[in-house]
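Visitor: This is the structure, below, for whatever I ask next.
The values are calculated or read from the model by the stated rules, or taken from the named source; none is laboratory data. It should be emphasised that the depicted structure is a prediction, and the values quoted were computed from it without experimental measurement. With ideal geometry, Cβ positions are generated from the backbone for all residues, glycine too; neighbour counts draw on all protein chains shown. All accessible areas refer to the heavy atoms of the entire protein, side chains included, with ligands and DNA or RNA removed. Shrake-Rupley method; radii C 1.70, N 1.55, O 1.52, S 1.80 Å.
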Amino acid sequence: DTSIRIEMQGSITNLSNKVNNLERRIEALESYLIISKNVNELLLKKIDNQEAYSRRPCIVVSGINQEYNERQEVLENRVTQSLSETGLTEDEIKNNVDKLYRIGKYNARKKTQKIIVKFKSHSFKEKIYKKRKSISNQVKISPSLTQRRSDLLRETNEICEKEAARRLESNNDD
């Protein structure tokens, strides 16, 4: 009877020690997980910053019609003509464009696809961007944002729209 009791107490003590060791390991792993998440978020922010910096000389142009098997030369001429509505000459624009291309594959149902235009300098891109309102209503120019920043902008716009609607409703109730 006593030997069984002593043996059981030994087993219980042994199991209790194992549980305590496992709890300490879990706490250590949870701390490591928190640190890893923080490092991961920091690295994602750094990658986003680098990607955003590489996009500085770029704009996104939308609203320019697309043809099946569109040649690069045709695309360049269409973009140049649209951007010349800013008051800059076509030669000045052509000389400052590093490269341009449509995003994604051709889709017959979509008449237009966005175009990335990379300029040779950030300052020239800013000239175009500041005069974007002078381009016809059909063509839109927007900054080339990273996915993360694009999501943040969309969320911010949604919040602003909801707040504006709320204020409008409260003004109508008065």
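Visitor: Can you spot a residue in the range 139-158 that is assigned to a helix (DSSP H, G or I), more than 24 Å from the chain's Cα centre (by Cα) and modelled with pLDDT under 95?
Guide: Checked against the condition, which is being assigned to a helix (DSSP H, G or I), more than 24 Å from the chain's Cα centre (by Cα) and modelled with pLDDT under 95, the range 139-158 yields no hits at all.
Visitor: Continuing with this model, one more query. Is it the case, given these coordinates, that Ser144 is touching a residue at least 24 places away in the same chain (Cβ under 8 Å), among the hydroxyl-bearing types (Ser, Thr, Tyr) and touching a Lys or Arg at 6+ places or on another chain (Cβ under 8 Å)?
Guide: Spelling it out, Ser144 is indeed touching a residue at least 24 places away in the same chain (Cβ under 8 Å), among the hydroxyl-bearing types (Ser, Thr, Tyr) and touching a Lys or Arg at 6+ places or on another chain (Cβ under 8 Å).
Visitor: Say we look at the range 30-63 and pick out the residues that are among the basic types (Lys, Arg) and loosely packed, with under 11 Cβ neighbours inside 10 Å; which of these is farthest from the chain's Cα centre (by Cα)?
Guide: Within the range 30-63, the match that is farthest from the chain's Cα centre (by Cα) is Lys37.
Visitor: Something else about it: Across the range 84-94, what is the total count of residues that are in contact (Cβ under 8 Å) with a residue 24 or more places away in the chain and polar (S, T, N, Q)?
Guide: 1
Visitor: Identify the single condition in (1) of a type in the set (S, T, N, Q); (2) assigned to a helix (DSSP H, G or I); (3) within 30 Å of Ile135 (Cα to Cα) that Asn69 does not satisfy, given that it satisfies every other one.
Guide: (2)
Visitor: Restricting the first residue to the range 106-135 and requiring it to be part of a helix (DSSP H, G or I), which pairs with a second residue that is among the hydroxyl-bearing types (Ser, Thr, Tyr) meet a Cβ separation below 7 Å and a spacing of at least six or different chains?
Guide: Note: pairs meeting the criteria are Ile128/Thr86; Ser134/Thr86.
Visitor: Okay, moving on. Could you tell me whether Glu51 is part of a helix (DSSP H, G or I) and touching a residue at least 40 places away in the same chain (Cβ under 8 Å)?
Guide: Against the criterion (part of a helix (DSSP H, G or I) and touching a residue at least 40 places away in the same chain (Cβ under 8 Å)), Glu51 qualifies.
Visitor: List the number of the failed condition for Arg56; all other conditions in (1) under 30 Å from Ile93 (Cα atoms); (2) in a helix (DSSP H, G or I); (3) in contact (Cβ under 8 Å) with a residue 40 or more places away in the chain hold.
Guide: (2)
Visitor: Might you check whether a residue that is more than 17 Å from Val139 (Cβ to Cβ), open to solvent by 100 Å² or more (accessible area, probe 1.4 Å) and without any contact (Cβ under 8 Å) to a residue 60 or more places away in the chain occurs anywhere in the range 76-83?
Guide: Within the range 76-83, none of the residues are more than 17 Å from Val139 (Cβ to Cβ), open to solvent by 100 Å² or more (accessible area, probe 1.4 Å) and without any contact (Cβ under 8 Å) to a residue 60 or more places away in the chain.
Visitor: Given the structure, is Ser170 under 27 Å from Leu83 (Cα atoms) and hydroxyl-bearing (Ser, Thr, Tyr)?
Guide: Taking the combined requirement at face value, the residue does not satisfy it.
Visitor: Considering only residues that are β-branched (Val, Ile, Thr), over 26 Å from the mean Cα position of the chain (by Cα) and buried (at least 16 other Cβ atoms within 10 Å of the Cβ), look in the range 84-111 and name the one that is modelled with the highest pLDDT.
Guide: Among those that are β-branched (Val, Ile, Thr), over 26 Å from the mean Cα position of the chain (by Cα) and buried (at least 16 other Cβ atoms within 10 Å of the Cβ), it is Ile93.
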